[in-house]
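Reviewing the structure listed below.
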Amino acid sequence: MNSLRLARSRPGPAFTVTFDGREIEALPGWTVAAALWAAGITSWRTTRHEGRPRGILCGIGVCFDCLVTVNDRPNQRACLVPARPGDVIRTQEGTGHAD
Amino acid sequence: MRTDLAVIGAGPAGLAAALAAAARGVRVTLVDAGPEAGGQFYRQPAAGLGARRPGALHHQWRTWKRLREGLDRHIAAGRIVHLADHHVWCVERRSGHAPGDFAVHALLGPEQNEPAVVRATAVLLATGGYERVLPFPGWTLPGVVTAGGAQAMLKGGLVVPGQRVVVAGTGPLLLPVATGLAAAGTTVAALVESADPRLLARQARGLAAEPGKAVEAAGYGVRLLRHRVRVLVRHTVVEAHGTGRLTGVTVASLDADGRVRAGTGRRIPCDSLAVGHGMLPHTELAETLGCRVDGGRVHVDEEQRTDVPGVWAAGEATGVGGAGLALAEGHLAGRSIAARLTGARPDEHGGKRAAASRAALRRFADALDHAYPPRAHWAEQVTDETVVCRCEEVRAGAVREAVRDLGAGDPRTVKLLTRAGMGWCQGRMCGPAVAGVAGCPETVTRRPFARPVPLGVLAREPGEGQV
Ligand SMILES: Cc1cc2nc3c(=O)[nH]c(=O)nc-3n(C[C@H](O)[C@H](O)[C@H](O)COP(=O)(O)OP(=O)(O)OC[C@H]3O[C@@H](n4cnc5c(N)ncnc54)[C@H](O)[C@@H]3O)c2cc1C
Ligand code: FES
């Protein structure tokens, strides 16, 4: 990626996480949102009432639009939570609790 | 944990204050939500990314290095403790205790479950701000992000939202965002600024107060040219298109009153839109402490003191003016705190340079405010179907109905009738939009906490779980 080259980045070894069952590569230091963006994914939640797709808006933890389910815990802000090896990331539907 | 001074926010303002105070013998605890110090302007690439040129996307890298080295020195000497990943949800004035006894309540880590409390004699609020985004049809589509958010993801994760981006809205932040994304290899299809460049020219005197800034702006201009970025001034995005994700935007030109000119709309294909309409200060912590907040900013005196004894504020929480101003204000706050904690007055002579710089930068910020006014008549573009409150999915039509048919005359009543502003973000994102669509002035909304707090933590407070 160009931005990594621009910063002359030598990241630690990449690791794998899954998003809705699909394997994607992540770099150490990435948030869940960064890993999803790098894989070309921009939405990972559907809204409670209308089921509309959402992803990043503010990028700094203020808007709560980027909520996602990580390792069965719903309502994690993807822009804040670091991606960890083996994370099971899933699209959050509504509140993320079966309802 | 007990400390002389709790600084909340490790951006330019908080860092400058912490260094100035620690250098004068104050024991400082620096509390910040981020994993690293730096705040928004000096947001660092995550350590794991091994950036050997971390400054590639930054300006004033030398200033950052000085701050960072100072911080490291004070931390090593035990004068500053930096608590990263600490989200402060409330600062409490402990009545019944000695004057100047504060409890800073935080939640740990990105998941924010574990509580921590820092007790301090003085508090500095240096919490910065966040971006204002006004709604338009299609703005909830994935791929539409705030300009600052795109910048934060780029600086922190070295990732970009897509291949082809439009940067739009108004304000000085759009320039570094467009040049940053272009430098990172994204095609910037257009920079769409609603302000009229003649307004900028009219502010020439105020802007000349900071010649260095004019050079910086010229530098952005050159880089935009180099990346062949099309710049459209007096234009706005009227609609974002797509179903599951953004596929393009329609931009249109504005007349002298800021109204969209009929028949000027044209479509620009893009997979992302970085949009922002200026910055808003974070004021929640000040509000719960009972500090005076004027026009959405924390009120401070010459020494950066709020009207609550023992509480100082600096940086964008006290008004939006960029990183340089935040540094000057933070420095003056740190000096004042060091003096006042020992019952002395700050040495005015020593703070002269910072005070002069603060005055010049405030003039500059005022000039920018006039040059980049929020676009008039923006609410006319917001169709009834447009969602204004993203959390509760309240449409503009419902807000208008509450005003027209139910007689709501202020944002609070609109909120009660429509649920706009009652969701996760507590109205931070939709506050200005709901007021604008309802046609009523924005009022300061009181939020009980600066963060959503798990009930378990509330049940435990106070007393338990102290560090
Ligand atoms: C997303 C974003 C990106 C920006 N990018 C740029 C840019 O590229 N160039 C530019 O010139 N300006 C940028 N700005 C403007 C920027 O705000 C100022 O230039 C400058 O950083 C202000 O300094 P500050 O110290 O007042 O606040 P900030 O730098 O915003 O620092 C505030 C700090 O306080 C912390 N904080 C806030 N609330 C809490 C809490 N409750 N608990 C714990 N910690 C808290 C935050 O995590 C942050 O680290 C950006 C603003 C935003 C919102
Ligand atoms: S994008 Fe706004 S909270 Fe994550």
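The values are calculated or read from the model by the stated rules, or taken from the named source; none is laboratory data. Predicted model, so just to flag it, every value in this text is computed and none were measured. Positions of Cβ are backbone-derived with ideal geometry, glycine not excepted, and every protein chain shown enters the neighbour counts. Calculation scope for accessible area: heavy atoms of the full protein, side chains included, ligands and nucleic acids excluded. Shrake-Rupley method; radii C 1.70, N 1.55, O 1.52, S 1.80 Å.
Observations on the model:
- The residues listed here are B:Gln40, B:Gln44; of these, the one that is in contact (Cβ under 8 Å) with a residue 40 or more places away in the chain, in a loop (DSSP other than H, G, I, E, B) and within 16 Å of ligand 2 (Cβ to nearest atom) is B:Gln40.
- Residue in the stretch A:32-51 that is at the interface with another protein chain (Cβ under 7 Å from one of its Cβ atoms) and open to solvent by 50 Å² or more (accessible area, probe 1.4 Å) present: yes
- Every condition in (1) open to solvent by 10 Å² or more (accessible area, probe 1.4 Å); (2) modelled with pLDDT of 95 or more; (3) in a loop (DSSP other than H, G, I, E, B) holds for B:Gly148 except the one numbered (3).
- For B:Pro135: the one exception among (1) part of a helix (DSSP H, G or I); (2) surrounded by 20 or more Cβ atoms within 10 Å (Cβ to Cβ): (1)
- Candidates B:Leu71, B:Leu67, B:Leu30, B:Leu108, filtered to the one that is more than 16 Å from ligand 2 (Cβ to nearest atom) and open to solvent by 20 Å² or more (accessible area, probe 1.4 Å): B:Leu108
- Residues in the stretch B:109-145 that are at the interface with chain A (Cβ under 7 Å from one of its Cβ atoms) and in contact with a Lys or Arg (Cβ under 9 Å, 6 or more places away or on another chain): B:Pro110, B:Glu111, B:Tyr130, B:Thr140, B:Pro142, B:Gly143.
- For B:Ala21, the conditions (1) assigned to a helix (DSSP H, G or I); (2) touching a residue at least 60 places away in the same chain (Cβ under 8 Å); (3) within 14 Å of another protein chain (Cβ to nearest Cβ) all hold with the exception of (3).
- Count of the stretch B:245-295 residues, restricted to those that are open to solvent by less than 40 Å² (accessible area, probe 1.4 Å) and either part of a strand (DSSP E or B) or over 22 Å from B:Leu174 (Cα atoms) (or both), is 25.
- Top-ranked residue of the stretch B:303-341 - restricted to ones that are assigned to a loop (DSSP other than H, G, I, E, B), in contact (Cβ under 8 Å) with a residue 24 or more places away in the chain and surrounded by fewer than 20 Cβ atoms within 10 Å (Cβ to Cβ), ranked as nearest to ligand 2 (Cβ to nearest atom): B:Val308
- Test: residue in the stretch A:1-12 that is at pLDDT below 95 and either assigned to a strand (DSSP E or B) or more than 9 Å from every other protein chain (Cβ to nearest Cβ) (or both): yes
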